[in-house]
Amino acid sequence: MEWTYRTIERHGFSFLIAKNNSEGPHLYWFGSALYYPRVIPETLAKEFKITIVDHRGFAKRNQATTESESTYDLETVLDDFFFFQNHLQIPASFVLGHSGHGYMALAYAKKYPQLVTKLILVATGPSHGVPLQEREIYFERLASEERKEKHKSLQSLFQKQINSYPDGLEDFFNFYCVSQDALGFYDLSFDSTLFWQGVKTNKLAFDYLFGKVFAEIKVENYLPFIKQPIQLILGKYDFQVAPHYTWDSILENFPQVKRTVLDHCGHLPFLEDPNNFTKTIQLE
C-alpha cells in the first residue's frame, strides 16, 4: 500500500501526516505518522481511507519553543487533532487510538462527538495506573518459558545499551519499545527494530501524558458521554498493557462497548491478525 506524507507547522511543532490511497470509509488514526504505516497491513489499508496524524509526543519541536508539561496538556493535544480533522477535510469518521493513544481517542470522542462515527480502542488497558500492575501476574501465568527467556535477554541487552551511554541513550524510547518485543508479539520471531527507525519522540510528552495523565485517567468518566459505537480490540498475548480481563468490571456497566480478544495476537493485533481485525472493525 502506498502512503503519502506531508508536514504541517502548528504552534512550534512540525506534525507529520500520512495518508493512504484507498477509497474506503474514513479512518482517523492518532499516533506517529512515521511508525504506524509500517505496521498497518494492506488487508486493513485497502479497506479504509486512513489518515494518521502525529501527536505532540512525536511531532518535531522547534528548539526555540518553550517546553513544559502544559505544552502537552491532553486538551491541547485534542485541539491539535480537531484542527487537523478540519484542515484536512476529514469528515465524521471512525477514530482509532492504539495503546496509550486509545485514551486520546476516547477523550476526543467525548469532546468532539460530531466528528466521530465509531470509536476504536486497540490494545488499550483501563489505565496506565493500578490495572497495569496485573500484567506481571498475567505474564508469569500465561507466558511460555521461551517467551520469558527472550524477555530476560532483551532486558539485559537494553540495560547494556543504557550503560553504554551514561550521558543519556539517544532514541531511548525506540530502544525501550524494542526491548518489549517478547511482551508485545504473539510471534516470538518478531523484531520491531525497523519499525522504530527514524522515529523521534519528545520525552516530556511521554513522561507527562503516558506516565501521569494516563496513569490517573478514569475511562468510566468518559464512556457515559459517548453515544457512538465503541469497539475494544485486545490481544490475548499482550503483556505490555493491562490484561484483557481488567476491563471486566468496567464493561459490566457499559454494554455498548463491544470487546473482542484475538487469541493469536499481542500488542499489535492489526499486524498479527489483519483479517480478523479488519472484520471486527467493520462490524455494525
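The values are calculated or read from the model by the stated rules, or taken from the named source; none is laboratory data. Here the structure is a predicted model, which means the values were calculated and not measured. Glycine gets a Cβ as well: all are built from the backbone with ideal geometry, and neighbour counts include every protein chain shown. Protein only, heavy atoms only, side chains kept; ligands, DNA and RNA dropped before computing areas. Shrake-Rupley method; radii C 1.70, N 1.55, O 1.52, S 1.80 Å.
Just wondering, is there one or more residues in the stretch 133-143 that are at pLDDT below 95 and open to solvent by 10 Å² or more (accessible area, probe 1.4 Å)? Full working, then the answer.
Filtering the stretch 133-143 down to residues at pLDDT below 95 leaves 133.
Subset that is open to solvent by 10 Å² or more (accessible area, probe 1.4 Å): 133.
So far as the stretch 133-143 goes, yes, one or more of its residues are at pLDDT below 95 and open to solvent by 10 Å² or more (accessible area, probe 1.4 Å).
Restricted to the stretch 30-39, and to residues that are touching a residue at least 60 places away in the same chain (Cβ under 8 Å) and touching a strand residue (DSSP E or B) at 6+ places or on another chain (Cβ under 7 Å), which residue is farthest from G198 (Cα to Cα)? Write out each step before concluding.
In the first step, residues of the stretch 30-39 are kept if they are touching a residue at least 60 places away in the same chain (Cβ under 8 Å); the result is 30-32, 34-36, 38-39.
This time we only want the ones that are touching a strand residue (DSSP E or B) at 6+ places or on another chain (Cβ under 7 Å), so: 30-32, 34, 36.
On the way: F30: 18, G31: 15, S32: 11, L34: 8, Y36: 13 Å.
The selected residue is F30.
For the stretch 231-248, check the following and say yes or no: at least one residue is of a type in the set (V, I, T), buried (at least 23 other Cβ atoms within 10 Å of the Cβ) and within 18 Å of G129 (Cβ to Cβ). Walk me through it before giving the result.
Filtering the stretch 231-248 for residues of a type in the set (V, I, T) gives 233, 241, 246.
Those left that are additionally buried (at least 23 other Cβ atoms within 10 Å of the Cβ): 233, 241.
Restricting the remaining residues to those that are within 18 Å of G129 (Cβ to Cβ) gives 241.
Among the residues of the stretch 231-248, at least one is of a type in the set (V, I, T), buried (at least 23 other Cβ atoms within 10 Å of the Cβ) and within 18 Å of G129 (Cβ to Cβ), which makes the answer yes.
Working only within the stretch 106-132, note down all residues that are part of a helix (DSSP H, G or I), over 24 Å from T7 (Cα atoms) and open to solvent by less than 10 Å² (accessible area, probe 1.4 Å). If you could, list the steps in order and put the result at the bottom.
Step one: list which residues in the stretch 106-132 are part of a helix (DSSP H, G or I), which gives 106-111, 113-115, 130-132.
Now narrow it down to the ones that are over 24 Å from T7 (Cα atoms): 106-107, 109-111, 113-114, 130-132.
Those that are part of a helix (DSSP H, G or I), over 24 Å from T7 (Cα atoms) and open to solvent by less than 10 Å² (accessible area, probe 1.4 Å): L106, A107, A109.
Within the stretch 201-214, identify whether any single residue is closer than 30 Å to E149 by Cα, in the same structural domain as R56 (by the TED database) and without any contact (Cβ under 8 Å) to a residue 24 or more places away in the chain, and answer yes or no.
There is at least one residue in the stretch 201-214 that is closer than 30 Å to E149 by Cα, in the same structural domain as R56 (by the TED database) and without any contact (Cβ under 8 Å) to a residue 24 or more places away in the chain.
Looking at E47, E23 in this structure, which one is at pLDDT below 95 and among the acidic types (D, E)?
E23
Just checking, how many residues over the stretch 223-276 are part of a loop (DSSP other than H, G, I, E, B), of a type in the set (D, E, K, R) and closer than 29 Å to R38 by Cα? Working first, answer last.
In the first step, residues of the stretch 223-276 are kept if they are part of a loop (DSSP other than H, G, I, E, B); the result is 226-229, 236-243, 252-256, 263-268, 273.
Now drop any that are not of a type in the set (D, E, K, R), which leaves 227, 236, 238, 252, 263, 273.
After this cut, where a residue has to be closer than 29 Å to R38 by Cα as well, the list is 236, 238, 263, 273.
Number of matching residues: 4.
Okay, residues lined up against (1) surrounded by fewer than 19 Cβ atoms within 10 Å (Cβ to Cβ); (2) in contact with a His (Cβ under 8 Å, 6 or more places away or on another chain); (3) closer than 20 Å to R135 by Cα:
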residue	(1), (2), (3)
D191	yes, no, no
G198	yes, no, no
F214	no, yes, yes
F225	yes, no, no
N253	yes, no, no
K258	yes, no, no
D263	yes, no, yes
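Output the number of the condition that K152 fails; it satisfies all remaining conditions of (1) open to solvent by less than 20 Å² (accessible area, probe 1.4 Å); (2) part of a helix (DSSP H, G or I); (3) farther than 30 Å from K60 by Cα.
Result: K152 passes all but (1).
Which members of the stretch 155-183 meet the condition of being under 16 Å from Q240 (Cα atoms) and not in a helix (DSSP H, G or I)?
Correct list: Q180 only.
Using the structure shown, decide if F210 is at pLDDT 95 or above, more than 18 Å from the chain's Cα centre (by Cα) and either surrounded by 14 or more Cβ atoms within 10 Å (Cβ to Cβ) or assigned to a strand (DSSP E or B) (or both). First the steps, then the outcome.
Values: at pLDDT 95 or above: yes; more than 18 Å from the chain's Cα centre (by Cα): no; either surrounded by 14 or more Cβ atoms within 10 Å (Cβ to Cβ) or assigned to a strand (DSSP E or B) (or both): yes.
No: the conditions fail for F210.
Name, by its number, the condition in (1) farther than 23 Å from A123 by Cβ; (2) at pLDDT below 95 that does not hold for Y5.
For Y5, the failing item is (2).
Would you mind telling me which numbered condition in (1) open to solvent by less than 10 Å² (accessible area, probe 1.4 Å); (2) part of a strand (DSSP E or B) Y103 fails?
Only one criterion is unmet by Y103, namely (2).
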